[in-house]
Structure formats: structure tokens, C-alpha cells
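Working notes, structure below.
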Amino acid sequence: MTPNTNTPDDPSQLNTLFASLAQSERRELLSILGAASEPPTEEELAVALCTRAESPGNADPDGEHVARARQQLHHVHLPKLEAARLVVRDTDSETEPGTVRRTDHPVYEDEGIVDCLAADDGAEDSLDALFEALAAEQRRTVLDVLSHQFHPIHVETLARELKAREAGTAEQAVPSDAVERCCVDLRHAQLPMLADAGLIEYDREEGTVAHEGHPRLRVPWMHSTLGPNFRSQLTGDADHELGTLDDRESVISYGQWLVERADEELFCLFTYTHMLEAGCFSRIVRAAREGVDVYLGTADPTVREFVQETVPEVVLWEPETDWLNLPVEGDTVGRLVMADREAVMLGTLEEPVGDETPAEKAIVGEGADNTLVVMIRQLLSAHLEDIGREETETNLPT
């Protein structure tokens, strides 16, 4: 029986997992195993790999090539996949050769990973670099921090936030020597690798760094978890009809996750300026360019101008909330994200204290019959029709 590896996420185990995926042959192996009706032998796996590598129509690769491939399988690829708990090898019996099968690891329920295993777009090197960059918890955290920024930040600022997160303390309490040591590691090791993978923009002369993203990067991975476990990590539950997010960082991350999950339609509302973080905005742009119908409500003039000039397929509208008449005690609606009319996040802002950024919370719901989803969908239906009419009238020939 295949061992059950559905265990809680562990950062070090995820390091091993992502490292095992940072090689196109190993991703190809997992794809072959996933499509196999019966667990293949190592010899059959080697033949399948060689057949795919040489040409789709080559059904008879030469024996020497297969022998080399089997050696690589036995001594390199399969041990790494076993260490990541992604495959298991049955021991050879006296009469039958050993076989290889996939485990029931939750990685196979992560849509982002599944898409990468099925990728056939000539982006092998890009995926190799992506997973290699993700194979360290600190680099994943760097990506998460940068995705929450509005503009490039200095390396020292990044280092201070990383050490504050690590210690669970305020940034002001982080010792200067700890920040300096972190800066050295970032400049010489972590940031160059992330930049080479195309995940960040790193200006060495200015000493600044900014979010860049990757079309295959998923928000849960930056939090050192997999897609199926992400909601429970942020809300503390996954079974309740409604979940709650109690801090701004969780609200931002969950919102970005919803944006990247949209396949057909994406509705986003941001009622104040300076709420559309780099990670969220880049995902909105990518969704529009991949054919998702995107409706973006924002009052930020910089964002509106950029969208009009570079992503005209996004439908812009003024974020009035008269239609969103919800009984929120003393708070105001800050952001709303709805993906494919099946998943919703509604965020509220508390009254700010002085010049501080206002505290933010949110409720989330998923599923076509979810109470929150149904309510927001009903409120939005008429409003989307109004937006559609305005867009049509705007584009009518004069």
C-alpha cells in the first residue's frame, strides 16, 4: 500500500520537495507516473523518458541511451524524489522487477504543482530556476515580503523585516548587527539567485529590490505551504463556511491567492489609494493577459493611468460602495476580491490611529453555494451589468 505522506507542512521538507522539482527530468518522471495505468519498472520508466526526450514519434530509443537513463534514474533522480516523499519503489521480488509509483503526497493536489508537471511550453529552464530558488525558506519569505510592497525597497529594509519576522518582534527591536549579517547574506547569496530566476528586480548599485514575479509562482509556496493547506494556515480552519483573516498581511496574501486562481472572471475592489500591492497588481495584469475578464475598481490615479496605457483589456470603474450596503460595525470596506463567482474575500478597514496604516481584517468564503459568496454575487450582479453598460457606451464610435 502507498504510504500516507499527508503530513503538516514543514519548511525543511518543503526545501527538499522544491529542490527535487528543480530538474526537468524529475518533473517528467512524475508526469509519466501520474499517467501510468500500472506502476512501471525502472526499465520502463527509462524507456519512456528517452522516448519523450528524443522525439514524440520515436518509440524505440537505442539501448545505450536507455541504459544511461536507467543509471541516472536509479542513482540520482529516484533517490531525490524518494527523499521528497513523492515516489516509492517496491523492492524487487525473485520473479518480478521492482516498480515505481507516486505516493499520495498533498503536492499532487496543489494545482500550481500539477500545472508545472504538465507544462509543455518550452519553459524547462525557467521552471528549473523557479524551483531551485524556492528550495530555501528564507528566499520564499523574501518573495512574500516583496509581494506586499508598493515600490522597490532598500536591502536594509528587507533585512530588518526578515529578522523581525524570524524573531517575532517589532522591526525597531532588531539589533543592527543582525540586520548587517542578513544584508551580507542577501546581497551575496539570496538576492542574486532570485534575480537570476526572474523573480525579483535587484538593483545592486542603488541597493534596492522589488517584486517581479513568475507566471508559475503561487502564493502558498511563498508561505512555505501547499495550496490545499493554505486557507487553514491563514484562518486556522478549512471546514467552516466562513473564515476570518485577522491581520493585514494575511488579507494581502489571501487576496493575491484568489487573484491567481481566477480562470474566467475576476472582480477586484480597492476603495482607497495605496492598497494595490505589487504582488496583487502583477497577478491582476497577468490574469487579464491570459484571457480572464477582469473588473478593477480603484481610485488610485497612478494605477488607473498605467492600466489604461498598458492593459486596456482590464475594465476600470470608480470604486463607489453605495451598492455594497453591508452592516460592518464601525468599519469601512477596504477591498473585495471575487474569483469566478465562487470564492470571495471581503476586507474591512478600522479607523486609523494617527499616521499609522489602518488595521485590516477580512472574511472569506468559497463554493458556489457559500452564504458569503451568494450574497456578494447577488450584490455584484446588477453592478457588473452597470459597469458593462458604461464600458460599452465608452467604446461606442462617435
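Just a yes or no: is a residue in segment 350-360 modelled with pLDDT of 70 or more, surrounded by 11 or more Cβ atoms within 10 Å (Cβ to Cβ) and under 25 Å from the mean Cα position of the chain (by Cα)? Scanning segment 350-360 turns up at least one residue that is modelled with pLDDT of 70 or more, surrounded by 11 or more Cβ atoms within 10 Å (Cβ to Cβ) and under 25 Å from the mean Cα position of the chain (by Cα).
In the set (1) at pLDDT 95 or above; (2) farther than 30 Å from D247 by Cβ; (3) under 19 Å from the mean Cα position of the chain (by Cα), A118 fails one condition alone, (1). Annotation note: Cβ proximity below 8 Å between a residue of segment 279-292 that is buried (at least 19 other Cβ atoms within 10 Å of the Cβ) and a residue that is in a helix (DSSP H, G or I) and among the acidic types (D, E) (sequence gap 6+ or interchain) occurs for R283/E260; A287/E260.
Taking the criterion of being surrounded by fewer than 17 Cβ atoms within 10 Å (Cβ to Cβ) and modelled with pLDDT of 90 or more, the residues of segment 258-278 that qualify are D263, E264, E265. Examine segment 215-238 for a residue that is of a type in the set (A, V, I, L, M), surrounded by fewer than 21 Cβ atoms within 10 Å (Cβ to Cβ) and modelled with pLDDT of 95 or more, and state whether such a residue exists. Taking every residue of segment 215-238 in turn, none turns out to be of a type in the set (A, V, I, L, M), surrounded by fewer than 21 Cβ atoms within 10 Å (Cβ to Cβ) and modelled with pLDDT of 95 or more.
Scanning segment 127-163 for residues that are among the hydroxyl-bearing types (S, T, Y) and in contact with a Gly (Cβ under 7 Å, 6 or more places away or on another chain) turns up just one, S147. Could you tell me whether any residue of segment 187-209 is among the charged types (D, E, K, R), in contact with a helix residue (DSSP H, G or I) (Cβ under 8 Å, 6 or more places away or on another chain) and either more than 26 Å from A135 (Cα to Cα) or assigned to a helix (DSSP H, G or I) (or both)? Yes: segment 187-209 contains one or more residues that are among the charged types (D, E, K, R), in contact with a helix residue (DSSP H, G or I) (Cβ under 8 Å, 6 or more places away or on another chain) and either more than 26 Å from A135 (Cα to Cα) or assigned to a helix (DSSP H, G or I) (or both). When D144, D128 are checked against the criterion of being closer than 30 Å to E44 by Cβ and either touching a helix residue (DSSP H, G or I) at 6+ places or on another chain (Cβ under 9 Å) or outside any strand (DSSP E or B) (or both), a single residue qualifies: D128.
The rows are residues; the columns are (1) of a type outside the set (S, T, N, Q); (2) surrounded by 15 or more Cβ atoms within 10 Å (Cβ to Cβ).
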residue	(1), (2)
V145	yes, yes
Q149	no, yes
R160	yes, yes
A173	yes, no
C183	yes, yes
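The values are calculated or read from the model by the stated rules, or taken from the named source; none is laboratory data. Owing to the predicted nature of the structure, the values given are computational and were not obtained by experimental measurement. Counting neighbours? That spans all protein chains shown, and the Cβs are built from the backbone with ideal geometry, glycine included.
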